[in-house]
Number of protein chains: 2
Amino acid sequence: MHIEIQRKSETSLSKQIFQSIVDHIRSGLLPQGSQLPSVRELSKELEVSFVTVVKAYKELEKENLVTSIQGKGTFVNIEESDIRKTEKDEPAFDWQLSLQDYVPRAQFSRFHHVPGEIQLSSSMIDPGLLPNRYLEQEIHKMLSENPRILSQYSEIQGDYKLRVAMSQYLKQFEVSTTPDNLLITNGSQQGLDLVARTFIGPGDVVVMESPTYPGAIDIFRGRGATILTVPIDKEGMKVDILQNLCDKYKPKIIYTIPTFHNPTGTVMSHKRRRQLLEIAKSIQCIIVEDDPWCEIYFDKKPPTPIKSMDYYGHVIYLKGLSKTLAPSCRIGILSASGSIFNRLLAAKSNADLGSPLLTQKSLLPFVTSKKMIEHMKKLRTALKVRRDLVLDLLSHYAPEGISWILPIGGLNIWLSLPTWVDTNQLLIEAKKNNITFLPGSACYPVVQENHHMRLSFSYMNEQQLQQGIRTLCNILNSEIPSKKNNNNTPYF
Amino acid sequence: MHIEIQRKSETSLSKQIFQSIVDHIRSGLLPQGSQLPSVRELSKELEVSFVTVVKAYKELEKENLVTSIQGKGTFVNIEESDIRKTEKDEPAFDWQLSLQDYVPRAQFSRFHHVPGEIQLSSSMIDPGLLPNRYLEQEIHKMLSENPRILSQYSEIQGDYKLRVAMSQYLKQFEVSTTPDNLLITNGSQQGLDLVARTFIGPGDVVVMESPTYPGAIDIFRGRGATILTVPIDKEGMKVDILQNLCDKYKPKIIYTIPTFHNPTGTVMSHKRRRQLLEIAKSIQCIIVEDDPWCEIYFDKKPPTPIKSMDYYGHVIYLKGLSKTLAPSCRIGILSASGSIFNRLLAAKSNADLGSPLLTQKSLLPFVTSKKMIEHMKKLRTALKVRRDLVLDLLSHYAPEGISWILPIGGLNIWLSLPTWVDTNQLLIEAKKNNITFLPGSACYPVVQENHHMRLSFSYMNEQQLQQGIRTLCNILNSEIPSKKNNNNTPYF
């Protein structure tokens, strides 16, 4: 376990230690029964006072994540290692425990693509809504005409024809880019990872919305970033708070999901987008604009991406096609300019020498046809029906004290429960009923809030949503009153 | 440009600065005409003396990589940005130049998959030798039976059935692993990158063979590793020298390509493999065993991998299927044990949430059939013919003073020219004749030697090899004598 302390962070040292250990546990990197280092050892290693470590360990105990046994030590007492059971019983591998690593957090993978009957945790789209049969026929045509595609590498930057097609596709969002400024990635996740490994090192400042996409937190934490957070309201990231942060610290990257924000579903107003870009220009920093599903609007079209106003190369724009078209192909697109682009391309070459050609060529016929536009239209219609259904069910069956943000696009609904409810605990109950959701705590980069949850309405069909939301509401109804007496105090 | 200085390295500071700038230039990260920081600026930034920087800059001038203009500064004067022309003429993006990055080197991509008539630079296999038509039919069968595969994510660890098949496949090399201990990666390149990002941070010590695979150098340099090198002889890495290094420094990783070493083609003896593992056990470090083509032997089978003797989880074993089966699918396999495996899996989830399912499912039928073994047999036969042809041509047409190591497997021949020849310069001539090869300088992690080249005999057919090697020998014959008078002094 490698704990990195950010001395210039606004977060206290004990909170940082607490958070780091929570992240290790929730990422499955410290399995049940693992012994934490002694207070003496850790305070020496991190060059912090005894009191600081003791305070962090006390908080861990309070959250029931660890147990201290007098004279023996402090042990992880929660089974969170959903990623994979560690072979911790194999004594032959004990020497490995002293190997320091640089992976402080990998929480998102716990909730990504979890098998389960009623899967509300992962923002995936119902396979029944995706153009599998059409893609299959196009793949067959392409490969039977030219099987040698299988023996070719892609350009590192990505297949040229796919880049041409995607630069055309992006025009509808007023994002003007050339094929030369596009990089094909293994989903947006890799795009984001490339940005972090290229521009962020220990102590560099990254600003994120809070809450935000957990996979992004994992990535920036893995680079040792000092993360500062900005809350959001119904117009998106609060730029006045951002301005104050930027005056005080000089962030290198501002990460935002302005359109149908993940997890809350909010949309940043056009005015705020413009302000955000002005701030980035004034402090010469990078905006990473993550845009996984701007096509999925239920009402009117959202404002055009920040990238559409970017004339000085401040915005790195990420668009995934994994979710909305073919998860099996894992294709994402990154658009950037100038030497920023050039350096990201170098990072991509080091990371994997380019994405597979097969997956890129597989999507090409669809992306270049009118079917792409029609498909997105179909998704809007179908997902609006599901959203409406879930809202309707929640209105009828959810207990009092639960609120949500009406999503006007995207794949998710963000629910807020009474502050004393811990959705990590609720998830254990839900899983017993074969239901999964994303607990809100995973979405907070620094100070966690435990009383939210994200429900994805895009993967399950209407019948499954009926059953799932009703069962979930039953759990909420039975769990919430029973917990009222515990009256947990808020975090820290 | 971010230069990282390793104060505990055995390499002098001026050499480190020299090397870092060479790497930036040769990676296309400092395009022609770029101005280097002034001696004053750089000495201040790196906290080294004026003299140190001056010495490094003088060496750069001597190598004709930069030009100093009195009163103006020092400028890059070599066009090496083959990756991509930087849009350096776009003044709108000038602000980006002050953004520090963490990509010190990405040389390998310049030589990977370079289009060219006679392509001797990249260890790829002639598409005519790969089972494209068979794979195409299997892909068609799989997708027409189950098009929903296209809408599914892979497990992050990789498709379970492919892991079962690969653990079976590895048994022929006496590598005993379970599907649980295998991770599917985007080629071996990503496997290696995952290892580096998980276990290596600034100043951690990595031992590599010298020369070695350039892509590995790019990766470890990108993590700020202190790289120590061990020379090789005809039995592979010289373990006596390794032992001395390990006594003095404590490396965290020893990276080796024991079988048909890249670029030299040598094979580490069984005895040395055993000794290497003993050393790793005694200092509790990781061995990364990169094994891209042990199937391609021309004489007798090579010794079994070091991984076959690994009972304590010291070896991370990497096996690529990209080259030998289907480059378009970019599939590699990583085998490791214990918490090392668990942490690599967490890194994979952060990097890209898992490899595409389509590419994994595409290879499954082939890998599980007997065709896989037959295919490797065919490759051995076909590539042996090409190797013999190239050796024959070299014997007949190469000028005196050129020697090579007889490759008894793999895809490459390593040529050594007289020490005063710079193969980077030769490459410029060769390209004019539509021939590419890998200049040896890319293969040295620390102190470069410029008088070697790697020729890959696997991608071109016999007719192309005939033409290419003869033309190359003509160039060698005409270039080498003409350079004799320059009498360049050796490096440093």
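Read-outs throughout are calculated quantities, based only on the coordinates presented, and are distinct from any laboratory measurement. These numbers come from a predicted model, not from an experiment. Note: ideal-geometry Cβ built from the backbone for every residue, glycine included; neighbour counts use all protein chains shown.
Which percent, nearest 5, of DSSP beta bridges in chain B are antiparallel?
Numbers: 26 of 45 bridges.
Roughly 60 percent of the DSSP beta bridges within chain B come out antiparallel.
Which log10 I(q)/I(0) values, to two decimals, does chain A give at q = 0.07, 0.10, 0.12 Å⁻¹ under the Debye formula with one point per Cα?
At q = 0.07, 0.10, 0.12 Å⁻¹ the computed log10 ratios are -0.38, -0.80, -1.16.
So for B:Arg26, A:Arg148, B:Arg273, fewest C-beta neighbours within 10 Å to most, what's the order?
Working: B:Arg26 24, A:Arg148 15, B:Arg273 27.
Arranged by neighbour count, lowest to highest, B:Arg26, A:Arg148, B:Arg273 become A:Arg148, B:Arg26, B:Arg273.
For A:Lys281, give me every one of the aspartates and glutamates with a C-alpha distance below 16 angstrom, ignoring sequence neighbours fewer than eight places off in its own chain.
Qualifying aspartates and glutamates at Cα under 16 Å: A:Asp240, A:Asp247, A:Glu289, A:Asp310, B:Asp94.
Using alpha-carbon pairs under 8 Å, 6+ residues apart, how would you state the relative contact order of the stretch A:13-82 in percent? It would help to have the intermediate numbers written out before the result.
Details: 89 pairs, mean separation 32.2, N = 70.
Worked out over the stretch A:13-82, it gives 46 percent.
Give me the distance between the Cα centres of the stretch A:3-74 and the stretch B:358-372, rounded to whole Å.
46 Å
Taking the Cα centre of chain B as origin, work out the dipole magnitude from +1 charges on Lys and Arg Cβ and -1 charges on Asp and Glu Cβ, in debye rounded to 20.
Working: 57 positive and 51 negative charges, 204 e Å.
Computed about the Cα centre, the dipole is about 980 debye.
Counting other C-beta atoms within 10 Å, which of A:His314, B:His24 has the fewest, and how do the rest follow? Walk me through the numbers on the way to the answer.
Details: A:His314 28, B:His24 25.
The order, fewest Cβ neighbours first, is B:His24, A:His314.
Using a label point 7 angstrom from Cα along Cα-to-C-beta, what distances in nm, from shortest up, separate A:Glu61 from the other copies?
Nearest to farthest, the other copies are at 6.7 nm.
Just to confirm the numbers: A:Gln6, label point 7 angstrom along the Cα-Cβ line, distances to the other copies in nm, shortest first?
Ordered by distance, the counterparts are at 2.9 nm.
With a/c under 1.5 counting as rounded, go ahead and sort the stretch B:142-279 into rounded, prolate or oblate using the C-alpha gyration tensor (a ≥ b ≥ c being the square roots of the eigenvalues; past the cut-off, prolate if a/b is larger than b/c, else oblate).
On the way: a/c = 2.49, a/b = 1.76, b/c = 1.42.
It is prolate, given that a/c is not under 1.5 and a/b is the larger ratio.
Can you give the calculated 222 nm mean residue ellipticity of the protein assembly as shown, where each DSSP H run of n ≥ 4 adds -39,500 (n - 2.57) and the sum is split over every residue, rounded to the nearest 500 deg cm²/dmol?
Numbers: 28 runs with 386 residues, N = 984.
The helix-only estimate for the protein assembly as shown comes to -12500 deg cm²/dmol at 222 nm.
How high is the relative contact order of chain A? Use alpha-carbon pairs under 8 Å, at least six apart in sequence, and give a whole percent.
18 percent
Considering only DSSP beta bridges whose two residues both sit in the protein assembly as shown, what percent are antiparallel, to the nearest 5? Intermediate values should be presented prior to the final figure.
Details: 52 of 90 bridges.
So the antiparallel bridges in the protein assembly as shown amount to around 60 percent.
Sorted from fewest to most neighbouring beta carbons within 10 Å, what does the list B:Leu46, B:Leu358 look like?
Numbers: B:Leu46 18, B:Leu358 26.
So the residues, fewest neighbours to most, are B:Leu46, B:Leu358.
Treating only the Cβ atoms of Lys and Arg (+1) and Asp and Glu (-1) as charged, compute the dipole magnitude of the protein assembly as shown about its Cα centre; round to the nearest 20 debye.
Values: 114 positive and 102 negative charges, 125 e Å.
It comes to approximately 600 debye.
May I have the count of lysine pairs in the stretch B:1-73 with C-alpha atoms under 22 Å apart, counting pairs 8 or more residues apart or located on different chains?
Pairs that pass both the separation and distance tests number 12.
Looking at B:Ser458, B:Thr324, B:Tyr102, which one has the Cα that reaches farthest to the positive end of the dipole of chain B (charges on Cβ: Lys, Arg +1; Asp, Glu -1)?
Towards the positive end, the residue furthest out is B:Thr324.
Assuming 0.36 nm per residue, please report the length gained on full extension of the stretch A:Lys271 to A:Thr178 beyond their Cα-Cα distance. Present the calculation step by step, with values, prior to reporting the outcome.
On the way: separation 93, 0.36 × 93 = 33.48 nm, distance 2.64 nm.
Length difference between fully extended and current span is 30.8 nm.
Closest to the B-onto-A rotation axis, which residue of chain B has its Cβ, and how many Å off the axis is it?
Value returned for chain B: B:His140, 2.
Placing +1 on the Cβ of each Lys and Arg and -1 on the Cβ of each Asp and Glu in the stretch B:343-469, which of B:Leu353, B:Asn434, B:Ser395 has its Cα farthest towards the positive end of the resulting dipole?
Most positive-ward Cα: B:Leu353.
Under 8 Å for C-alpha pairs, at least 6 residues apart: give me the relative contact order for the stretch A:307-417, rounded to a whole percent. Let's see the in-between values first.
Working: 63 pairs, mean separation 15.6, N = 111.
With pairs under 8 Å counted, the relative contact order is 14 percent.
Please go through the residue pairs A:Lys307/A:Lys377; A:Lys348/B:Lys378; A:Lys234/B:Lys348 and name each one whose alpha carbons sit more than 25 Å apart in this structure.
Details: A:Lys307/A:Lys377 23 Å; A:Lys348/B:Lys378 33 Å; A:Lys234/B:Lys348 35 Å.
As for pairs spanning more than 25 Å Cα to Cα, those are A:Lys348/B:Lys378; A:Lys234/B:Lys348.
Between B:Lys62 and B:Asn434, what FRET efficiency follows from the Cβ-Cβ distance if R0 is 41 Å, with the result rounded to 0.05? List each step's numbers first, then the result.
Values: r = 31 Å, r/R0 = 0.75.
The formula returns an efficiency of 0.85 here.
May I ask which of A:Lys171/A:Lys319; B:Lys323/B:Lys432; A:Lys431/B:Lys361 have a Cα-Cα span longer than 18 Å here? Walk me through the numbers on the way to the answer.
Working: A:Lys171/A:Lys319 13 Å; B:Lys323/B:Lys432 27 Å; A:Lys431/B:Lys361 30 Å.
Pairs exceeding the cut-off: B:Lys323/B:Lys432; A:Lys431/B:Lys361.
On a straight-distance basis, which aspartates and glutamates could pair with B:Lys250 in a cross-link, Cα separation under 13 angstrom, same-chain partners fewer than 8 positions away excluded?
Candidates past the 8-residue exclusion: B:Asp204.
Can you pull the one-decimal nm distance between simple spin-label points at A:Ser98 and A:Ser144, each 7 Å off the Cα toward Cβ?
6.2 nm
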